[in-house]
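*Asks:* Input: one structure, supplied below.
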Amino acid sequence: MTVALEVKGVNKRFGGLQALNDVNLLVDEGRIHAIIGPNGAGKSTLLNCFVGKLKPDSGTVLFNGQNLIGRLPHQINQAGVSRVFQTPEIFSDLTVLENVMIPALAHRDGIFELNALRPLRRETDIRTKAVDVLEDLGMEDKLDMTAASMSRGDKRRLEMAMGLVQEPKLLLLDEPTAGMSRADTNNTIDVLKHIGDSRGITMIIIEHDMHVVFSLADKISVLAQGTVIAEDIPQNIKGNPKVQEAYLGGAH
Amino acid sequence: MLGLNRNDFLMLLFVFVLVAAAPIFLNPFPEGSTFAQFNAGYPDLMQRFLIFGIFAIGFNILFGLTGYLSFGHAAFLGAGSYAGVWMLKLLTINVIPAIVVSTIVAGVFSLMIGYISLRRSGIYFSILTLAFAQMSFALAASVLTPITGGETGLQTTLSDPRILDGAAAGTGNIPAPSLFGLEMGHSWKVAVGDWLWTFNVGYYLCAFVLMIVFYISIRIFRSPFGMMLKAIKSNNERLSYTGISPRPYTLAAFVISGMYAGLAGGLMVSMDPLAGAERMQWTASGEVVLMTILGGVGTVVGPVLGAGIIKYFENIFSKINDGLLEQWFAFMPDGLADFMVTIVHPFVGKGWHLSLGLMFMLVVIFLPGGLVGGVTGLFRRLFRRRSH
Ligand SMILES: Nc1ncnc2c1ncn2[C@@H]1O[C@H](COP(=O)(O)OP(=O)(O)OP(=O)(O)O)[C@@H](O)[C@H]1O
Ligand SMILES: [Mg+2]
């Protein structure tokens, strides 16, 4: 089994708060790896260290053997890492279709392309690709809607389409089903499962919804107060006393 | 057609007709009639409509698409003007090299200023561009006098070397710029009944250039590049997590708009071969911001309209004096006429800024999309109501 992402000794401190404490993680290629943990455990912070939004105080993040630390967000994306944010990050003023065509163009043309006189209408391949992904997510009837006018769940699905259209090697999903209806959540599970199986995309998924986690995850890491307290296959996580304590302890 | 969709092509056609026929419909009132004062069909005024239209079209590519508000674009217009005059002095009185070189010089200049200013965004970016432009203005007026002519400005003279064509014809000491011998100032006057129409060579050269750069701007708006610029305005940070480096895109937009400004400067000196430092001052930079916002930020045709309206106010409203007002209201009883003159007086003549300011406020408050945005919004609403 090849390792897609290897996280070694990552530390991150915000003032007096140790948000990440010597985090180690091994994510296998082509697998879905879930990260769970109570609110404020440092899950999003960890993803921020992967995509160049934050620079950890120490540690390395190796993606296919290359260190991602110190590289710029667009370079990391071009290396094949796409991210779906916890609070939807979309181009609100643009249409749904445009939102998905942008990452598709970035995937094809790279970080910069001065194609100022080529009509967008002639980008039929890019358009088809974007429409296909939106269809997979059940959004084909919303192509020309302004992204800002959509529901929270739809914004999430849109952002997922933005990630998927890039055919990334590694897809990072931060609570992809939060704010979605039950039906949409199930649909999302199906889509992610299908994509995981058919295209072999490695995924890291942060989720509070255990139904989603246990439907998808090949492996689960549990984070509590910045520390990985368990990393195992789903069946073993449920019965792990440390995990139960972290969740129950967090509730008090 | 021309790589445009139907709507854009119709708009291009509309602007073409507007520009081509402007000498006719900008003179709607017969010579000598009461309202002849409102006629705007004079070559130098119409040239200004188009030149500032070009300036605003370019500015809109930066501000309208990326949202980066430059307060220093007059510096590029000024740089283009100086470069243009130098071409007319050193090379030839033919305007083509002047126009081409002014565009290139402004492009290089904006590459330097843009490269530094774009390290910041938002208000800091605006302040940086403002600082650079004021610096350019101050330098042009003082230490750069050998290049810029200082406070008197730079102008052509009959004794300039002009290595390609030597001496040039002209009235007094100022040679007349021309296009292969056809003088920019040359006009054909056509009288139809009481109406007088002036068709001017310089105006139609400006019109030709405007049509080309307007077309290019539509193409930019509808290109993948243009979409990236809109994405920068919408969510700059997200774009970098999408694998795009926003900086080269904004810099390209900055340079393109700088080149439009330089082109406007080059045309300006081709019409009237004189360049002064005040052309770089912040008021001139602010003016193009007003034009763009008034017409409609981020709309394709808005800036042209905004430029036309502001130049019309500046040149026509400013000429209405009390004598004229009294003439207009003469049909009223004495007391009422005096009253009307008193009421209208602050809004015209030297008070034209007041009318413009009020209009600007109304547009910004009630039509956030500018005049063009407002009109399209209205049409859309009417259309939707009908389709229901
Ligand atoms: N940029 C920042 N500056 C200061 N503190 C931060 C910053 N980002 C996160 N934190 C803090 O770090 C801790 C971990 O935050 P993080 O967002 O990673 O948690 P999380 O596990 O994603 O939680 P949730 O499930 O609520 O999304 C929190 O206490 C948070 O307040
Ligand atoms: Mg989080």
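The values are calculated or read from the model by the stated rules, or taken from the named source; none is laboratory data. All values derive from a computational prediction rather than experimental measurement. Neighbour counts are summed over all protein chains in view; Cβ atoms, including those assigned to glycine, are modelled from backbone coordinates with ideal geometry. We work out accessible area using only protein heavy atoms, side chains counted, and drop any ligands, DNA or RNA first. Shrake-Rupley method; radii C 1.70, N 1.55, O 1.52, S 1.80 Å.
*Asks:* Tell me, what % of the accessible area of the protein assembly as shown is carbon and sulfur with a 1.4 angstrom probe?
*Replies:* C and S atoms contribute 62 percent here.
*Asks:* Grab every C-alpha pair in the range A:1-120, bin the distances at 5 angstrom width from 0 up to the longest one, and report whole percents.
*Replies:* Taking every Cα pair in the range A:1-120, the percentages come to 2, 9, 17, 19, 19, 13, 10, 6, 3, 1, 0.
*Asks:* Cα convex hull of the protein assembly as shown: how many Å³ per residue?
*Replies:* Measuring per residue, one finds 222 Å³ for the Cα hull of the protein assembly as shown.
*Asks:* Would you mind counting up the charge near A:ASN39? Only other residues with Cβ under 14 Å from its Cβ, with Lys and Arg at +1 and Asp and Glu at -1.
*Replies:* Surrounding charge for A:ASN39 is -3.
*Asks:* Between B:ILE309, B:GLN134, B:PHE71, whose Cα lies farthest towards the positive end of the dipole of the range B:6-315 when Lys and Arg beta carbons carry +1 and Asp and Glu beta carbons carry -1, centred on the Cα centre?
*Replies:* Positive-end residue among those listed: B:PHE71.
*Asks:* Could you give the dipole magnitude of the protein assembly as shown about its Cα centre, charging the beta-carbon of Lys and Arg +1 and that of Asp and Glu -1, in debye to the nearest 20?
*Replies:* Here the size comes out at about 600 debye.
*Asks:* Per DSSP H run of at least 4 residues, take -39500 (n - 2.57); add these up for the protein assembly as shown, divide by its residues and hand me the 222 nm value, nearest 500 deg cm²/dmol.
*Replies:* Values: 24 runs with 347 residues, N = 640.
Estimated from H runs of four or more residues: -17500 deg cm²/dmol.
*Asks:* Could you state the angle between the C-alpha long axis of helix A:96-109 and the longest principal axis of the C-alpha atoms of chain A, as a value from 0 to 90 degrees rounded to the nearest 10?
*Replies:* 80
*Asks:* Given the C-alpha atoms of the range A:90-167, compute the convex hull and give its volume per residue in Å³.
*Replies:* 87
*Asks:* For the range A:101-230, what is the per residue volume of the convex hull drawn over the alpha-carbon atoms, in cubic angstrom?
*Replies:* Roughly 139 Å³ of hull volume per residue.
*Asks:* Here's a follow-up. Measure nothing but the geometry: give the 0 to 90° angle between the long axis through the Cα atoms of A:182-199 and the longest principal axis through the Cα atoms of chain A, rounded to 10°.
*Replies:* 80
*Asks:* For the interface of chains A and B, what total accessible area is buried with a 1.4 Å probe, rounded to the nearest 100 Å²?
*Replies:* Buried area between the two chains comes out at roughly 2800 Å².
*Asks:* Does the range B:2-51 come out rounded, prolate or oblate, given a ≥ b ≥ c as the square roots of the eigenvalues of its C-alpha gyration tensor, rounded meaning a/c under 1.5 and, failing that, prolate meaning a/b above b/c?
*Replies:* prolate
*Asks:* Calculate how large, on average over all directions, the projected area of the Cα convex hull of chain A is; give the answer in nm² to one decimal.
*Replies:* 14.3
*Asks:* Another question about this same structure. Of B:ILE244, B:LEU91, B:SER81, which is farthest towards the positive pole of the range B:6-315's charge dipole, taken about the Cα centre with +1 and -1 on the beta-carbons of Lys, Arg and Asp, Glu respectively?
*Replies:* Positive-end residue among those listed: B:ILE244.
*Asks:* For B:MET361, A:MET139, B:MET340, give the ranking by accessible area with the largest first, probe 1.4 Å.
*Replies:* Largest to smallest exposure gives the sequence B:MET361, B:MET340, A:MET139.
*Asks:* Also: Pairs of lysines 8 or more apart, or on different chains, with alpha carbons under 26 Å: count those in chain B, would you?
*Replies:* For chain B, the number of qualifying lysine pairs is 5.
*Asks:* Where only protein heavy atoms count, and the probe is 1.4 Å, what is the accessible area per residue for the protein assembly as shown in Å²? Present the calculation step by step, with values, prior to reporting the outcome.
*Replies:* Numbers: 28030 Å² over 640 residues.
Spelled out: the 1.4 Å probe surface of the protein assembly as shown, per residue, equals 44 Å².
*Asks:* Restricted to Cα positions, what overall size does the range B:305-350 have along the principal axes? Three whole-Å values, descending.
*Replies:* Over the range B:305-350, Cα extents along the principal axes are 38, 16, 15 Å.
*Asks:* Does the range B:6-315 come out rounded, prolate or oblate, given a ≥ b ≥ c as the square roots of the eigenvalues of its C-alpha gyration tensor, rounded meaning a/c under 1.5 and, failing that, prolate meaning a/b above b/c?
*Replies:* oblate
*Asks:* What fraction of the Cα pairs in the range B:99-224, stated in percent, has a spacing above 26 angstrom? Numbers along the way, then the final one.
*Replies:* Values: 3982 of 7875 pairs.
Looking at the range B:99-224, the distances longer than 26 Å represent 51 percent of pairs.
*Asks:* Any chance you could give the angle, 0 to 90 degrees and rounded to 10, that helix A:241-251 forms with the longest Cα principal axis of chain A?
*Replies:* 70
*Asks:* Quick check: net charge around B:MET268, other residues with Cβ under 13 Å of its Cβ, Lys/Arg +1 and Asp/Glu -1? Working shown, then result.
*Replies:* On the way: positive: B:ARG48, B:ARG279, B:LYS311; negative: B:ASP44, B:ASP272, B:GLU278.
Charge balance near B:MET268 sits at 0.
*Asks:* Separate question: How about A:LYS53: which aspartates and glutamates have a C-alpha closer than 15 Å to its C-alpha, ignoring those fewer than 8 places off in the same chain?
*Replies:* Within the straight-line limit of under 15 Å, A:LYS53 reaches these aspartates and glutamates: A:GLU89, A:ASP174, B:GLU237.
*Asks:* Could you tell me the relative contact order of the range B:6-315? Use alpha-carbon pairs under 8 Å, at least six residues apart, and round to a whole percent.
*Replies:* Numbers: 584 pairs, mean separation 111.9, N = 310.
After rounding, I find 36 percent.
*Asks:* Could you grab the relative contact order for chain A? Cα pairs under 8 Å, six or more apart, rounded to a whole percent. Kindly include the intermediate steps, with their values, before the conclusion.
*Replies:* On the way: 454 pairs, mean separation 69.0, N = 252.
Averaging sequence separation for qualifying contacts and normalising by length gives 27 percent for chain A.
*Asks:* Still on this model: Just reorder B:SER318, B:SER245 by solvent-accessible area, largest first, 1.4 Å probe, all chains present.
*Replies:* Descending accessible area places them as B:SER318, B:SER245.
*Asks:* Rounded, prolate or oblate: which fits the range B:67-141 when a ≥ b ≥ c are the square roots of the eigenvalues of the alpha-carbon gyration tensor, with rounded for a/c under 1.5 and prolate only if a/b beats b/c?
*Replies:* Prolate, since a/c reaches 1.5 and a/b exceeds b/c.
*Asks:* For q = 0.12, 0.16, 0.23 Å⁻¹, what log10 I(q)/I(0) does the range B:306-388 give under the Debye formula with an equal point scatterer on each alpha carbon and no solvent?
*Replies:* -0.53, -0.74, -1.01
*Asks:* For the range B:1-114, report the translational diffusion coefficient in µm²/s to the nearest whole number, using Stokes-Einstein at 10 °C, 1.306 mPa s, and a Kirkwood Rh over Cα pairs.
*Replies:* Numbers: Rh = 17.0 Å.
Rounded, D is 93 µm²/s.
*Asks:* Using every alpha carbon pair in the range B:224-329, what percent of pairs falls into each 10 Å bin from 0 up to the bin containing the largest distance?
*Replies:* Whole-percent P(r) values from 0 Å outward: 12, 30, 29, 18, 7, 3, 1.
*Asks:* Can you tell which of B:GLY357, B:GLY193, B:GLY202 shows the greatest fluctuation in a Gaussian network model of chain B with Cα springs below 10 Å?
*Replies:* Among B:GLY357, B:GLY193, B:GLY202, the largest GNM mean-square fluctuation belongs to B:GLY193.
*Asks:* Please give the residues from the range B:191-229 for which the solvent-accessible area of heavy atoms, probe 1.4 Å, is smaller by at least 10 Å² with all protein chains in place than with the chain isolated.
*Replies:* For the range B:191-229, once contacts with the other chains are taken into account, B:ILE216, B:ARG219, B:ILE220, B:ARG222, B:SER223, B:PRO224, B:PHE225, B:MET227, B:MET228 lose 10 Å² or more.
*Asks:* Compute the distance from the alpha-carbon center of the range B:89-145 to that of the range A:79-132, in whole Å.
*Replies:* Their Cα centres are 33 Å away from one another.
*Asks:* On to the next question. Have a look at A:LEU114, A:LEU46, A:LEU143 and tell me which one the Gaussian network model of chain A (Cα, springs below 10 Å) gives the largest fluctuation.
*Replies:* Judging by the Gaussian network model, the answer is A:LEU114.
*Asks:* Right, here's the next one. Considering the options B:ILE220, B:PHE49, B:MET332, tell which one lies farthest towards the positive end of the dipole of chain B, charges being +1 on Lys and Arg and -1 on Asp and Glu at the Cβ, about the Cα centre.
*Replies:* B:ILE220
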